[in-house]
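Visitor: One structure follows; several queries about it will come next.
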Amino acid sequence: MGNKKLLTLFLFAVLFWGLTSPAQSGTKFNIIVKTILATHGPRDVDARLSDLVQELESVFRYSSYRLLGQTSMSLGINETGMSPFPGDRVLEITPIRITGNRVRLRLEVYKEKRQVFETIIELLNRGSITVGGPKHREGYLLLNIFSSF
């Protein structure tokens, strides 16, 4: 009889966890993608990037950072959002799982409707990552991805 009670308790716990899991309760992930042009030359940092400049300068060795665009989206698990950026490219972002205080995101870049890049990242709640991108004009594109839930 003890094993039946233990099994019942275990099944109840699994069912309860599944029903209260953020991924199951319709959690929306607020995602912001900033497209940045990074170049060498005279030091010039776009004032709209003031919250990122320290991070950018610690990772990348450019002297100029200019915000080209910003896309905001609210996505649930397995919903895909798109953020266009120069060069006829599109970044597709899909939240695929939440574990504790982290969200796992699938990132896919398409150029002229052909996939050229795919990766999976994990971000802490209210965390961001900057991904180096392709050459553009006199510099390189950077994609800063921020997520909160």
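The values are calculated or read from the model by the stated rules, or taken from the named source; none is laboratory data. Everything numeric in this text was worked out from a predicted model, so none of it was measured. SASA here: full protein model, heavy atoms, side chains in, ligands and nucleic acids out. Shrake-Rupley method; radii C 1.70, N 1.55, O 1.52, S 1.80 Å.
Visitor: For the stretch 72-138, give the percent of accessible area contributed by carbon and sulfur heavy atoms, probe 1.4 Å, rounded to a whole number.
Guide: So the carbon and sulfur contribution to the accessible surface is 46 percent.
Visitor: Using a ≥ b ≥ c from the Cα gyration tensor of the stretch 38-106 (square roots of the eigenvalues), is it rounded, prolate or oblate, where a/c under 1.5 gives rounded and otherwise the larger of a/b and b/c decides, a/b for prolate?
Guide: Taking the square roots of the gyration eigenvalues as a ≥ b ≥ c, the stretch 38-106 is prolate.
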